[in-house]
Amino acid sequence: IRVEVEESDVYAPITGRDDFLRGDNIEIQLDPWGDGRRGYHFEVSAASSLLDATINSQGHGDTAWDSQFDAATNIGEQSWTAEVRIPFKSLRFDPARDTWGLHVFINGWKQEQGLSWAPIDRNVTNRLTQAGRLTGMAGHKPGRAIEILPELTGKWNTEEGKQPACSYDSDIADYTACGAQLSYGLGVKWGLTP
């Protein structure tokens, strides 16, 4: 995506993953089911900050969902560009469905305006039903419905002027040595389907 705007007019602050993106950014919304009830939302700022979420028909997002999407941006003299990669394995969809809903929005900070690739009727709150059509999507394979989420946490407490006692302790998910603690765990997410 190329946004034609002079370099001096681009506002590109760096934010953390899934933080509210300020400044110039692009948004991509996908509705793989074509029913306007739920979809995926991706945002990329001109500074390459990323946000991803699942969204409902009212446009409310849940940023707890994380995909494997990535983007690279470049700010030039007369435009800034964003190259976005959204792998099919990050999404759930019907592989037989040929047409998906697609929105692309461009938000400009200096002009305080947004542009939409597909026409938007402000009297309709559900933007997913107003999406453009992305065809030729049949035959792609969705991601697996299982995720394995390993967890590792380390902690070390000391008091000023005191040496930690150098004892060792261990149980099923914790290990302690010389004041340092290490906890580990494993989570599994399984997306049930019909």
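What the table below lists for this structure:
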item: Qualifying residues in segment 82-95 (those that are free of Cβ contacts under 8 Å to residues at least 60 places away in the same chain and assigned to a loop (DSSP other than H, G, I, E, B)) - the one farthest from Ser8 (Cα to Cα); result: Pro95
item: Considering residues of segment 38-49 that are surrounded by 19 or more Cβ atoms within 10 Å (Cβ to Cβ) and of a type outside the set (Ser, Thr, Tyr) only, the residue farthest from Val10 (Cα to Cα); result: Gly39
item: Flag for Asp18 being at positive phi, open to solvent by 30 Å² or more (accessible area, probe 1.4 Å) and within 10 Å of the chain's Cα centre (by Cα); result: yes
item: Criterion: in contact with a strand residue (DSSP E or B) (Cβ under 9 Å, 6 or more places away or on another chain), more than 27 Å from Ala71 (Cβ to Cβ) and surrounded by 14 or more Cβ atoms within 10 Å (Cβ to Cβ) - qualifying residue of Gln181, Gln130; result: Gln181
item: Single residue of segment 133-178 satisfying the filter (closer than 23 Å to Trp65 by Cα, at pLDDT 75 or above and part of a loop (DSSP other than H, G, I, E, B)) that is most open to solvent (accessible area, probe 1.4 Å); result: Lys141
item: Residue match in segment 76-90 (condition: at pLDDT below 90 and in contact with a Gly (Cβ under 9 Å, 6 or more places away or on another chain)); result: yes
item: Gln58, sole failed condition from (1) open to solvent by 60 Å² or more (accessible area, probe 1.4 Å); (2) in contact with a Phe, Trp or Tyr (Cβ under 7 Å, 6 or more places away or on another chain); (3) not small (Gly, Ala, Ser); result: (2)
item: Number of positions in segment 48-68 that are touching a residue at least 40 places away in the same chain (Cβ under 8 Å) and either of a type in the set (Asp, Glu) or touching a strand residue (DSSP E or B) at 6+ places or on another chain (Cβ under 6 Å) (or both); result: 3
item: Single residue of Asp66, Asp35, Asp52 found to be open to solvent by 20 Å² or more (accessible area, probe 1.4 Å), out of contact with any helix residue (DSSP H, G or I) (no Cβ under 6 Å at 6 or more places or on another chain) and closer than 17 Å to Leu128 by Cβ; result: Asp35
item: Test: residue in segment 39-47 that is of a type in the set (A, V, I, L, M, F, W, C) and touching a residue at least 60 places away in the same chain (Cβ under 8 Å); result: no
item: Of all residues making up segment 21-32, the number that are open to solvent by less than 30 Å² (accessible area, probe 1.4 Å) and assigned to a loop (DSSP other than H, G, I, E, B); result: 4
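Residue-by-condition table, conditions (1) touching a Lys or Arg at 6+ places or on another chain (Cβ under 6 Å); (2) surrounded by fewer than 13 Cβ atoms within 10 Å (Cβ to Cβ); (3) under 28 Å from Tyr11 (Cα atoms); (4) touching a residue at least 40 places away in the same chain (Cβ under 8 Å):
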residue	(1), (2), (3), (4)
Asp70	yes, no, yes, no
Trp80	no, no, yes, yes
Arg97	no, no, no, yes
Trp100	no, no, no, yes
Phe105	no, no, yes, yes
Gln113	no, yes, yes, no
Ala118	no, no, yes, no
Arg122	no, yes, yes, no
Thr125	no, yes, no, yes
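The values are calculated or read from the model by the stated rules, or taken from the named source; none is laboratory data. Just so it is clear, the model here is predicted, and its values are computed rather than measured. For neighbour counting, all protein chains shown are included, and Cβ atoms are generated from backbone atoms with ideal geometry for every residue, glycine included. Remember, those area values only see protein heavy atoms, side chains included, never the ligands or the DNA or RNA. Shrake-Rupley method; radii C 1.70, N 1.55, O 1.52, S 1.80 Å.
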